[in-house]
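Presented below is the structure to which this report refers.
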Amino acid sequence: MKFQDKVVVVTGGARGIGRCIREQFEAAGAKVCVIDVLDNDYFVGDLADKATLERFAAKVISDYGHVDYLINNAAPMMCGITNGSYEEFEYALRVGVTAPFYLSKLFAPYLAPDASIVNISSSRDRMSHPETESYTAAKGGISALTHALAVSLAGKARVNSISPGWIDTAYTVYKGPDAIQQPAGRVGNPLDIAHMVLYLCSDMAGFITGENVCIDGGMTRQMIYHGDHGWSLEPK
């Protein structure tokens, strides 16, 4: 995987998975442009704001003239059906779906040959906890946006998405049930996602587009029934 002097845009790159993605690209010699509401050394701004996205894109193009890889990673807020407001739900969709769409549109004329877009979805695009409607809807939206962009941008960029499961951004090593309930035998960490991002951007993934890769230690493949294989449910 050769990324020397490649120009990479990472949204939400100031912490967690986004920061790990940024660090891995930088270690490989890439030039990384981050946008985040948190302090960072490139661009601080709210992805939910259209004018902010336009200013950010203009800065990237002014600085580098093109984009090799766009990583739409920024996480939307989570609110539920009981207490979530209209405004909170709409804000989550602006961050989680509208911003990836608009940045893809803004950068499309400046995509380098062999460009790649990687969208970070979530295993919640196919399963849920209660009271997670805004986050789940946004992650489902970006998964669908991925294959739509892959078709529309055919010949300009490959577009794929990753759906992380439980990723501990503090790199905590879990023991007992938290680990063994997952077929892989452990909880994930940001490197599990960053490594796949770099792979999907590399020439090794040159025949992959429009796909979603679920990286969740096998959790979404495991069927769970009360009383089966040691599992039990104790309702409150």
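No value in this document is a laboratory result; all are computed from the given coordinates. What you are looking at is a predicted structure, and each value in this text was computed from that prediction instead of being measured. Here the Cβ is made from the backbone with ideal geometry for all residues, glycine too, and neighbour counts use every protein chain on show.
By a straight-distance test (C-alpha under 29 Å), which lysines pair with Lys50 as possible cross-link partners, with residues fewer than eight away in the same chain excluded? Partners found: Lys6, Lys31, Lys59, Lys105, Lys139, Lys156. Based on Cα contacts under 8 Å between residues 6+ apart, the stretch 39-126 shows a relative contact order of 41 percent.
Packing order of peptides 16-24, 221-229, 119-127, 78-86, highest average first: 16-24, 119-127, 78-86, 221-229 (average count of other Cβ atoms within 10 Å over each peptide's residues).
In this structure, the amide hydrogen of Glu211, modeled 1.01 Å from its nitrogen in the peptide plane, lies closer than 5 angstrom to those of Ser161, counting only residues at least 5 positions away or on a different chain. Its residue count N sets the reference 2.2 N^0.38 Å, and the alpha-carbon radius of gyration of the chain equals 1.03 times that reference.
Near Ala157, once Lys and Arg are set to +1 and Asp and Glu to -1 for all other residues with Cβ below 13 Å from its Cβ, the sum equals +1.
Placing unit charges on the Cβ atoms only, positive for Lys and Arg and negative for Asp and Glu, gives the chain a dipole magnitude near 380 debye about its Cα centre. A simple rule links phi to the HN-Hα coupling: the Karplus curve 6.51 cos²θ - 1.76 cosθ + 1.60 with θ = phi - 60°, which for the stretch 82-95 gives 6, 10, x, 8, 4, 5, 5, 5, 5, 4, 4, 5, 5, 6 Hz, with x for Gly and Pro. Which one, Ile224, Val9, Leu53, is farthest towards the positive end of the dipole of the chain when Lys and Arg carry +1 and Asp and Glu -1 on their Cβ? Of the options given, the answer is Val9.
Compute the semi-axes of the equivalent ellipsoid of the stretch 23-103, taking the square root of 5 times each eigenvalue of the Cα gyration tensor, and list them largest first in whole Å.
Square roots of five times the eigenvalues give 27, 14, 11 Å.
If the label point is 7 Å along Cα→Cβ of Ile208, which residues in the stretch 146-181 have backbone nitrogen under 16 Å from it? Counting backbone N atoms under 16 Å from the label point, the list is 146-147, 150, 158-165.
Between Glu90 and Asp41, the modelled label-to-label distance comes to 3.8 nm, taking each label 7 Å out from Cα in the direction of the beta carbon. Compared with the alpha-carbon gap, the fully stretched path from Val151 to Arg186 is longer by 9.0 nm at 0.36 nm per residue. Estimated at 0.36 nm per residue, the fully extended path between Glu234 and Ala58 surpasses their Cα-Cα distance by 57.9 nm.
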